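Enquirer: Structure below; questions to follow.
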Amino acid sequence: MLLNKNSEPAERARGCVFSERFVNAADVVENGGSITGTPVINQGATLDGTGDKITYLTQYGVKSIVFQIKLDSTTEDILKLSSSHSIAASGGTLTATGLSSPTYYIGGSATQTIGTSWVWVAISTATAFNADDIQLGYISGYGGFEIKNLKFFTAELTAQEKLDYSNGGGFWNYQNEADLNVPGDLANHDATNGKALNVGRNGNDGTISGAVKSTIYPGYNLDGNNDYIQVALSGSQTSFSSSAWFRKGADDGTESLFQMYQSDNSTDAIRVHLYSGTWRINHDSGGTTINTSVPVNYGGLYHMVATVDSSNICNLFVNGELVYTSVALTIPSYGTKFTFGRDSLSILATVWGMEVWEDKVLTPMQIADLYLRELRQINQL
């Protein structure tokens, strides 16, 4: 099997159990494929619609299927999955037969309409099934098409993840969209002007207050006493994502890691903080506290991501894994001020790899990618 060769670490973390790139016939066979007919396999596969097909081994617990395809016509048999599950096009409409309430994204849209140009397709269902009779290019008859990628996931991909795939097959551009991105090695640290220099899209640097560059670990030391790094946002955001690595010192009471302010830039909109070693979420002008029951071990290394969507649902991810989902929070407004740490409730920790995205809710796959990508960088520092 060539799963590691044909997929990204984040895809595997998200439940990708099979991936085919059709590099050549030898790779297809090594990946568990059995070739019938004479399909052309060279950085993609061309099936002639009259006798070509590729069969694969059983994939268990499938919930999502992604592929890149160019149909010969708008009516083609594409992929048999089991005796009761298949994917075919008929008159320009793609149908995943047997899947329970499937959702479709094709060419960047939530649609079942498909033509004869190259497109990425992402289909998912909440109900897992076993693909125990996989035949690419044959269902009840043969289908003619070119295909370059085929992936099976045991997770139901989110709508945004399916949209990302259908828009061009990936999820990697998110880091280029960050409004603040302070690399972990602090190569752009500006000690003279007290700035954490941004390599993100809008040029807003982080302003350092009290925090000092660590001489032991990468990042900035926040001493728990009014230390923070601030970045300016637009104030018009309706959602956001924030990310940081941290190595926690001893318990220092109530300690804020992420802080988004209201329009007055002094009142809490939402704060993600530690209290006696457990993560909490403050909202509703600081008047409501949610105890997540998610602990932190002192001295440990953690990657923390908080996302808040336009419905004010907050998700917390630790080391690439979703650990908490909130109810809808009360957030009266958003301001232009965002801080890592806080002027009165700063965290006692070393913090680095700070990133903020306004009006972007990172997907679970992007968060897994962010964690795994930066973990490799940390191991090299």
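The values are calculated or read from the model by the stated rules, or taken from the named source; none is laboratory data. Computed from a predicted structure; not experimentally measured. Please note: Cβ atoms are built from the backbone with ideal geometry, for glycine as well, and neighbour counts cover all protein chains shown.
Enquirer: Of the residues in the range 89-117, how many are hydrophobic (A, V, I, L, M, F, W, C), touching a residue at least 40 places away in the same chain (Cβ under 8 Å) and not in a strand (DSSP E or B)?
Expert: Selection size over the range 89-117: 2.
Enquirer: Here's another thing I want to ask about it. So N226 fits all but one of (1) surrounded by 17 or more Cβ atoms within 10 Å (Cβ to Cβ); (2) within 15 Å of S344 (Cβ to Cβ); (3) in contact (Cβ under 8 Å) with a residue 40 or more places away in the chain; what number is the exception?
Expert: All conditions pass for N226, except number (1).
Enquirer: Looking at P332 and the list (1) under 25 Å from the mean Cα position of the chain (by Cα); (2) in contact (Cβ under 8 Å) with a residue 60 or more places away in the chain, which single condition is not satisfied?
Expert: Result: P332 fails condition (1) only.
Enquirer: Search the range 46-75 for residues that are at pLDDT below 95 and pair each with any residue that is surrounded by fewer than 20 Cβ atoms within 10 Å (Cβ to Cβ) and outside any strand (DSSP E or B) when their beta-carbon atoms are under 9 Å apart and the residues are at least 6 apart or on different chains.
Expert: none
Enquirer: Let me ask something else. Which condition number does N226 fail, the rest of (1) modelled with pLDDT of 80 or more; (2) within 26 Å of I367 (Cβ to Cβ) being met?
Expert: Of everything listed in (1) modelled with pLDDT of 80 or more; (2) within 26 Å of I367 (Cβ to Cβ), N226 misses just condition (2).
Enquirer: Looking at T50, T95, T111 in this structure, which one is out of contact with any Cys (no Cβ under 8 Å at 6 or more places or on another chain) and either within 29 Å of L322 (Cα to Cα) or not assigned by TED's automatic domain parsing to the domain that holds S140 (or both)?
Expert: T111
Enquirer: Could you identify the single residue in S310, S276, S239 that is surrounded by fewer than 19 Cβ atoms within 10 Å (Cβ to Cβ) and in contact with a strand residue (DSSP E or B) (Cβ under 8 Å, 6 or more places away or on another chain)?
Expert: Answer to the selection: S239.
Enquirer: Quick one: which helices (runs of 4 or more DSSP H) sit completely within the range 1-88 and have at least 1 residues that are touching a helix residue (DSSP H, G or I) at 6+ places or on another chain (Cβ under 9 Å) and under 23 Å from G107 (Cα atoms)?
Expert: Because the criterion is at least 1 residues that are touching a helix residue (DSSP H, G or I) at 6+ places or on another chain (Cβ under 9 Å) and under 23 Å from G107 (Cα atoms), the helices (runs of 4 or more DSSP H) in the range 1-88 that meet it are 3-6, 9-13.
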